[in-house]
Amino acid sequence: MRLGLAALALATPLVLTGCDQASGPQRYAADFLVIHGETGTVNRGPIDPVYEPLLDRLGIEFEVAFQLNTPVLEALPQYEIRADFPEGGDFHTFSGPRLSDVLALADIRGNTLRITAIDGYQRDVDLERIRQFNVVLAVEMDGRALPLGGFGPAMLVWPRQTDEALFGMPDDDWVWGVLAMEALETPQN
């Protein structure tokens with residue numbers, strides 16, 4: 001496994017800042033998304049249950065992984081998808097990098113991506129579908145960062161309003177509160 005140049009950018013120190021009325025809340029560079037499994041690029045070791053009790057409680061296990069933070073995601077090309085969420089609800093503009101670009105940083109292999117949300121919801125999604133439909137890993141909705149306790153820190157958004165193959169798509173693959181992704185090689189039918 002190799003340590004990619006993108007991974008070196010993750011050495012950003014944690015900087016917590018306050019909020020002032022002129023500029024609003026400021027972001028920080030804490031890592032929040034981990035990609036593990038069949039990856040070629042890694043920048044961290046195994047889970048420490050003392051410091052990462054949520055990952056431990058969710059049963060996420062790995063020896064090595066690739067971890068990302070907001071500045072790394074924001075450095076990738078950003079895309080917008082305007083869609084209803086939940087299905088049939090209000091329309092919102094979601095923005096963030098394409099999920100395929102994020103996964104390229106980790107040099108993933110396999111054919112399936114197991115996505116785990118903060119609440120423990122898991123969804124297996126075929127990697128070819130992610131690439132085919134240019135799924136966005138949204139970090140903003142309507143120009144505001146997706147917060148923890150809401151849909152954040154990140155959410156899978158599909159172009160169901162503009163791609164007729166996705167018209168009427170239910171919300172099952174619209175995973176929000178994304179915390180971890182595992183690249184898997186699964187048997188194909």
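The values are calculated or read from the model by the stated rules, or taken from the named source; none is laboratory data. This one's a predicted model, so the numbers in the text were calculated from it and none came from an experiment. Positions of Cβ are generated from backbone atoms using ideal geometry, with glycine treated the same way; all protein chains shown enter the neighbour counts. We work out accessible area using only protein heavy atoms, side chains counted, and drop any ligands, DNA or RNA first. Shrake-Rupley method; radii C 1.70, N 1.55, O 1.52, S 1.80 Å.
Points to keep in mind about this one:
- Chain lengthening between GLU63 and ASP48 when straightened (0.36 nm per residue, less Cα-Cα): 4.4 nm
- The overall shape of the range 70-189 is rounded: from the C-alpha gyration tensor, with semi-axes ordered a ≥ b ≥ c, the ratio a/c is less than 1.5.
- Difference of contour (0.36 nm per residue) and Cα-Cα distance, ASP126 to GLN188: 21.3 nm
- Solvent-accessible area per residue in the range 44-189 equals 50 Å², computed with a 1.4 angstrom probe and all protein chains kept.
- Scoring 50-62, 139-151, 87-99 by mean Cβ neighbours within 10 Å over their residues and listing the highest first yields 87-99, 139-151, 50-62.
- Taking the 1.4 Å solvent-accessible surface of the range 48-96 as the whole, the part contributed by carbon and sulfur is 51%.
- Surface composition of the range 104-189: carbon and sulfur atoms hold 47% of the protein heavy-atom accessible area at a 1.4 Å probe.
- Label zone (ASP172, point 7 Å along Cα-to-C-beta; backbone nitrogen cut-off 17 Å) within the range 103-141: 112-117, 121-130.
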